[in-house]
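Shown next, in structure tokens, is the structure this report addresses.
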Amino acid sequence: MIKRADNDGLHIIIEGIDGSGKSTVSRACESWAEARGAKFFNVIEFSEREGRLPDITETGDANGLLMAEPTFCWCGKAIRDEIITKRENGTVRYSGWETAHAFATDRLVQFRRLVIPFLQNHPERIIFQDRCLASTLAYQPLQDKSLTTEKLLELPGNEQTINFYPSMLLLIRTEAAAAMSRLEKRTEKQDGVIFEEKDFQERLVKRFLSDEVLGPFKQAGSLIGEVDGNQDIPHVSAAVEATLSQNFGFFGKIGL
């Protein structure tokens, strides 16, 4: 497994329950970095348009990437369109373990193809990513109680993530009721996934704060940042920028 080194760039992963406000936080992260000279390549838009992940050579002179899990192509598209899609009759075709395997494969490809080569030996670079391994450690054991953090970390994509651990997990703490209210009001972004149920989201709130989810990252060396997602957009954005400035104030001062 490829391990993170001191001279590698920043990787901030945004995590939270469905409807927690990840889009708001992502925009605030991007604005914070752009104000410090970052130029972003949007991997999400590229993948939706081209049906594949870009090669590292296609990112041009960008010193920042905007990414998400699952990806919008290859295994990630199968996850979005098939594996976690809510069905009209309420049936679930794939178990928590099968779902975890799919996510881990998608994760491994994105890390090996983009995350690692982009950040290795480039301390001036930064990646903001919507979801990663913490979501697997939070969601899948709630699908299948036999799954443990230890078992999930045996999957290669998950093991790689811990070895090339993120600089920070930026956790959005949002009450389940507030998150579900936002999901119900959505008109443009309808994910229609099997996890968007109130009871499941309430259990997720607690799960995301557990040592089973956060422990592996803390042990590896990741920082854990928290933002109150129950607040309005201006307050959330300000909190995000304050958290990033406090922990990564050096970004932008390294030669771009």
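The values are calculated or read from the model by the stated rules, or taken from the named source; none is laboratory data. Here the structure is a predicted model, which means the values were calculated and not measured. When we count neighbours, we look across all protein chains shown, and the Cβ atoms used for this are built from the backbone with ideal geometry, even at glycine.
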Members of region 9-37 found to be closer than 27 Å to K218 by Cα, in a loop (DSSP other than H, G, I, E, B) and either touching a Ser or Thr at 6+ places or on another chain (Cβ under 9 Å) or of a type in the set (G, A, S) (or both), listed by number
G9, G16, I17, G19, S20, G21
Residues being in contact with a Phe, Trp or Tyr (Cβ under 8 Å, 6 or more places away or on another chain) and among the acidic types (D, E) - total across region 141-187
1
Checking R27 against (1) under 16 Å from the mean Cα position of the chain (by Cα); (2) buried (at least 18 other Cβ atoms within 10 Å of the Cβ), which single condition isn't satisfied?
(2)
Considering only residues that are crowded, with 16+ Cβ neighbours inside 10 Å and either within 27 Å of M180 (Cβ to Cβ) or of a type in the set (A, V, I, L, M, F, W, C) (or both), which ones fall in region 242-253?
T243, L244, F248, F251
Filter region 61-82 down to the residues that are over 21 Å from S95 (Cα atoms) and out of contact with any Lys or Arg (no Cβ under 9 Å at 6 or more places or on another chain), then identify the one that is surrounded by the most Cβ atoms within 10 Å (Cβ to Cβ).
M67
Kindly evaluate I79 against the criterion of being among the hydrophobic types (A, V, I, L, M, F, W, C), part of a helix (DSSP H, G or I) and under 16 Å from A68 (Cβ atoms).
yes
Please find, among Q110, Q143, Q160, the residue that is at pLDDT below 95, in contact with a helix residue (DSSP H, G or I) (Cβ under 9 Å, 6 or more places away or on another chain), buried (at least 16 other Cβ atoms within 10 Å of the Cβ) and of a type outside the set (K, R).
Q143
Please go through region 59-76 and give me each residue that is free of Cβ contacts under 8 Å to residues at least 24 places away in the same chain and touching a strand residue (DSSP E or B) at 6+ places or on another chain (Cβ under 7 Å), ordered by number.
G60, A62
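What are the residues in region 107-152 that are among the β-branched types (V, I, T) and closer than 16 Å to S167 by Cβ, if any?
V115, I116, I126, I127
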